[in-house]
1. By counting other Cβ atoms within 10 Å of each Cβ, how are 111, 10, 89, 56 ranked from fewest to most?
2. Can you list the HN-Hα couplings for the range 90-97, worked out from phi with the Karplus curve (6.51, -1.76, 1.60; θ = phi - 60°), rounded to whole Hz and with x for Gly and Pro?
Amino acid sequence: MGKIIRLTESELISVVKKIISEQVDMRNEMMMMGCVKGPSSEMNKDDWQINWYKYSPILLNDLIDATGTFADLDWDEKKIAEAFERSNSKEFDRTENILKCSKIFKPTDGSYLLTFLREAFTQSSIPLLPKTDFGDEEYKMKVQKKLKQWGKPFRI
């Protein structure tokens, strides 16, 4: 028989949130995996599931790292800005196409990545917190500068 453990309400809520986040993370990863083009015909299914990210755009991989596969409640805006600074227009387009194919979320601005950026820099995904995150203005400006260089000017 297993041990009986006691959890406070906040500890239980934390465990449930973590489990839900992991489930969303796995679902999002599976949806994107099906949209990445690579030598999947040469690999068996298990190898593809382990290695698909090697064939995905670096920008997408960096955004996955910054957001917990778009599942975490608290995204790392600094990492998001760094991902865009290291990237290029071609990576933007490839990432946009994968997000469009995977349909992880609906675009509100006609673009999946621009919708993602608006959410990352102007919306708090944590209930009861202000909807505007003024502390990330520096990172937002870096991303806007990069978008302008790529001919994709957009006010976040």
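Computed from the coordinates by the stated procedures, all read-outs in this text should not be read as laboratory data. Predicted, not measured: the structure shown is a model, and the values here were computed from it. Neighbour counts are summed over all protein chains in view; Cβ atoms, including those assigned to glycine, are modelled from backbone coordinates with ideal geometry.
1. Lowest count first: 10, 89, 111, 56.
2. 5, 5, 4, 5, 5, 5, 4, 5
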